[in-house]
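Worksheet: the structure to be examined is printed underneath.
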Amino acid sequence: MKTISSKAFVNQLLAGALVLVCATGGVGLGTVWLQHQISVSANASKSLERDIEIISRRLAAVTVEVGQEQRWESLLRRNRDWQLGLVMPREDVQVRRVDIDVAARLAGKRNDRMLTDAGLPETRLVLGGGL
């Protein structure tokens, strides 16, 4: 004689409820962890943006300082203060004017070098079909 116990149904119901609670808790824990990671990434991104802004401002300030130091008045003052003894180049000896297009001249030199025998790969012409 077989008897069906109601305890087996209750045990399955409790096991199912326990699995459901654990799964829900796992999903909730995963959601909290994901939100925490998003928060950490957002804070890191804000920190990097702040650093980039600070560096951009400093770069702009240095660019202005360099521009001011490259002016003729500043260069002459530094020459005088540091007693460097620098003078303007003499036009007749130290300055050479170039009247041709420099880019075309350099391209021509490059092309001439590429087309010389030294720049070409070695080729051999084999006549006949013998081995």
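Looking at (1) at pLDDT below 90; (2) surrounded by 10 or more Cβ atoms within 10 Å (Cβ to Cβ), which is the one condition that is false for MET1? Looking at each condition in turn, MET1 falls short on (2).
Residue by residue, here is whether (1) open to solvent by 100 Å² or more (accessible area, probe 1.4 Å); (2) assigned to a helix (DSSP H, G or I) holds:
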| residue | (1), (2) |
| --- | --- |
| VAL32 | no, yes |
| ARG50 | yes, yes |
| SER74 | no, yes |
| GLN83 | yes, no |
| VAL95 | no, no |
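The values are calculated or read from the model by the stated rules, or taken from the named source; none is laboratory data. These numbers were taken from a predicted model, which means no experiment stands behind them. When we count neighbours, we look across all protein chains shown, and the Cβ atoms used for this are built from the backbone with ideal geometry, even at glycine. Please note that ligands, DNA and RNA were not included when accessible areas were found on the heavy atoms of the full protein model with its side chains. Shrake-Rupley method; radii C 1.70, N 1.55, O 1.52, S 1.80 Å.
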